[in-house]
Amino acid sequence: MRSPTDQRTVPRTTAPRAGGRVELVDLCKRYGAAEPPAVDHVTLDIQPGEFITLLGPSGSGKTTTLNMIVGFTEPTSGRIALNGRDISRTPAHKRNFGMVFQNYALFPHLTVAQNVAFPLRERKVPAAETARLVGETLRLVDLDGMADRRPHELSGGQQQRVALARAVVFSPSVLLLDEPLSALDRKLRQSLQREIKRLHNELGLTFVFVTHDQDEAMTLSDRIAIFNRGRIVAVGTPAELYHRPTTQFVARFLGESNVFAGRRVGDGYEWRGRKWTLGGPTAAGAGERAVVVRPERLNVAFDEESVPAGSNTAPATVTDVSFYGTYYRLELAFADDSVGCAVLPVGAPAAVDPGTPVVAHWRPENQVLVAE
């Protein structure tokens with residue numbers, strides 16, 4: 001595979017190409033009157049050329065939302081617009097969107113070139129133009145030289161590249177990807193992530209990507225929309241959502257967190273009789289709150305006297321230690337029976353054994369106060 005920084009030939013059906021703007025307005029989907037909504041009043045404005053990921057646990061509504069965007073599922077209510085035009089009732093084949101599935105959905109009896117050419121032939125593109133576009137697109141996804149092979153002669157990663165090529169060869173304004181890498185092993189998945197990001201940068205299409213993999217969402221996305229129980233509970237850049245989560249659900253779902261449930265007292269915070277300084281971001285709105293500290297922002301000491309002045313502290317017991325080459329991950333059990341972890345560079349601190357009592361500590365500016 002070539003480096004992601006290599007320059008490649010991009011199919012030139014329009015010059016330049018721009019992704020479409022997709023607007024979801026109060027979108028709802030119910031499968032039965034007695035059932036809770038699968039998608040519950042979802043509103044989202046996806047900008048032209050943006051890479052947005054719909055992230056959430058199983059059953060959260062992300063795939064149903066994707067299927068409504070592409071046209072496989074009809075909304076119960078609400079509106080879907082493409083570049084300002086309502087397409088809520090437009091059939092899928094008339095939306096001209098590209099789609100990449102988890103299981104590749106290739107035609108086993110067709111060659112690679114024939115699979116990629118299929119959407120062009122459906123659109124009655126002349127044969128010479130079809131051959132040119134197929135050749136350019138196969139080079140784009142590193143499959144030149146494999147045009148005459150059939151899907152069973154390819155690896156899983158190569159099959160997914162064919163699926164990507166077929167989805168972009170006709171220059172759609174929007175490309176939708178439904179957990180396209182979930183069937184691949186970790187190393188291959190990471191390689192395809194880089195390729196998908198490169199394709200997005202080169203083609204300028206709007207990408208709508210569905211996954212339950214937090215790392216994948218963080219790596220690929222311009223923005224992430226986090227789903228829970230049919231609703232979007234947070235939207236933002238990966239950095240915004242990671243460093244400034246607004247709720248405990250967002251903090252726990254997107255990365256690991258140490259979550260301390262206590263109460264706000266005046267301009268401070270109280271946790272199990274300890275008074276903490278509030279120096280970090282504070283989530284807006286009323287309701288019960290908790291302090292969130294990300295693992296890489298939390299350190300440990302063997303006694304209170306070793307804690308730097310001005311830090312917030314919480315007693316804990318080390319329950320497990322894992323070595324990852326450049327860092328240690330310490331699992332911690334806190335005094336309120338909650339669990340968390342710390343990520344510490346090798347050599348700082350000295351080796352800690354499971355069962356060791358420690359004092360977790362962090363700077364107030366490295367915490368976030370969130371809603372319940």
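Throughout, read-outs are computed from the coordinates displayed, never taken from laboratory work. Because the structure is predicted, anything quoted here is derived from the model rather than measured. FYI the Cβ positions are ideal-geometry reconstructions off the backbone, even for glycines, and counts take in every protein chain you see.
Basic side chains Lys and Arg get +1 at the Cβ, acidic Asp and Glu get -1 at the Cβ, and with that the dipole of the chain about its Cα centre reaches some 1460 debye. Extension gain for Thr76 to Lys124 (0.36 nm times residue separation, less C-alpha to C-alpha distance): 13.9 nm. Largest GNM mean-square fluctuation across Gly310, Gly135, Gly273, computed for the chain with C-alpha springs under 10 Å, falls on Gly273.
Within region 237-269, find all residues whose amide N lies under 14 Å from a label point positioned 7 Å from the Cα of Thr319 along Cα-to-beta-carbon. Of the residues in region 237-269, 257-259 have backbone N under 14 Å from the label point off Thr319.
The alpha-carbon of Lys197 sits under 25 angstrom from the alpha-carbons of these lysines, leaving out residues fewer than 8 places away in its chain: Lys62, Lys187. What's the Kirkwood radius of the chain in Å, using all Cα pairs? Evaluated on the chain, it is 23.1 Å.
Maximal additional length on extending the Ala92-Val265 stretch stands at 56.8 nm, based on 0.36 nm per residue less the C-alpha distance.
Applying 1/(1 + (r/R0)^6) with r as the Cβ-Cβ distance of Phe302 and Arg186 and R0 = 30 angstrom yields a FRET efficiency of 0.25. Given +1 at the Cβ of Lys and Arg, -1 at the Cβ of Asp and Glu and no other charges, the dipole of region 255-371 around its Cα centre is 360 debye to the nearest 20.
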